[in-house]
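Written out below as structure tokens is the structure these notes cover.
The values are calculated or read from the model by the stated rules, or taken from the named source; none is laboratory data. Only a predicted model underlies this, so the values are computations on that prediction, with no experimental measurement involved. Note that each Cβ is placed from the backbone with ideal geometry, even for glycine, and that neighbours are counted across all protein chains shown.
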């Protein structure tokens, strides 16, 4: 039975039961390789298919999922979803969107040929681990890998929606443990590409080695206030810890501090934040969301003023606005909200202006989520990085804590760099931000 036939069988049963619904079908094929001590330690191959059905009847929502696709399993899927709906509370704002459309991504763009055969991938994994482990002061490379993931998602609904997407992701990463006497430090880096032939191990090896060795002799700096620059990865992690500020779902649940701030100043007047689901340079590309809503660029903060939150159809209905195409749902989960590809616009500060005077460059944050209160904005993280002066790293720093309030920081941005950078997983594109006078405790 073909996939559209699967879907039609399921959705027709939903209609006959007097309900409406949508069906998500996620399929994936993955290959993962890991090396240790110059030999291949792990080779994993997997292929999965998961069907997730959401039904809505009498304003009650039921979710059920199945890994099987035979007729008996499909019948059971519908029966279970309808049964679950009967036990759930009323959800008057959650409905199946009226999307009578067909959406399909471009395979040539998002799903090119693999680019490497298995022998080439094994040699790349061995080279990555062996070369990094052989560099001075590296004790071992405990975390490393070369992987390929081919994923597809199809969404069908009783309203006539048919949406499909396929994407290929090739990745390599390595985290090295450096040692000198009793001193140890770990650092790593990674890379993602569409075509496996574009994977380059040497830049990852070089950066992981350089950062791990540099941190060996990191020491605390005196406790006081410093201007702070977060590097590409640390800045991405920092914004991720406070992602609830953009969520329409958290606003619906009453835990979003920006719920009542639409149209108000929430950041520096030079700060512009948007979500760009169609940016081809990133790996958060999405043509449609989990409800089949076609995505588009969504300005979130313009000139420091909050324009909107991220919404699915249910959160939008609850708050009296429109969906922004940010519904999130796995086959097993209820409807949520998530960003696709966050982009902060480049500012006007040159590299020289951005790195003038003395400042701390923070490259690693510890306990990001446990140390952050997303409602109040208060945070306290253990950090490491470098004391810098006029763009030059003066000394490695670790064993210190940075503390502040994220929402106040956004209003006190000292400079925004004129060049944007992807994090290594290529899910967010941001310029370097310099924050004024954060509290550092040694």
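Structure summary
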quantity	calculated
Test: residue in region 125-132 that is surrounded by fewer than 20 Cβ atoms within 10 Å (Cβ to Cβ) and under 26 Å from the mean Cα position of the chain (by Cα)	no
Qualifying residue in region 349-360 (condition: in contact with a helix residue (DSSP H, G or I) (Cβ under 8 Å, 6 or more places away or on another chain) and crowded, with 21+ Cβ neighbours inside 10 Å)	no
Residues being under 27 Å from residue 375 (Cβ atoms) and in contact with a helix residue (DSSP H, G or I) (Cβ under 8 Å, 6 or more places away or on another chain) - total across region 417-431	4
Sole exception among (1) modelled with pLDDT of 95 or more; (2) in contact with a strand residue (DSSP E or B) (Cβ under 9 Å, 6 or more places away or on another chain) for residue 442, by number	(1)
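One line per residue, one yes/no per condition, for (1) touching a residue at least 60 places away in the same chain (Cβ under 8 Å); (2) more than 24 Å from residue 328 (Cβ to Cβ); (3) in a loop (DSSP other than H, G, I, E, B):
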residue: 135; (1), (2), (3): yes, yes, yes
residue: 166; (1), (2), (3): yes, no, no
residue: 192; (1), (2), (3): yes, no, no
residue: 209; (1), (2), (3): yes, yes, no
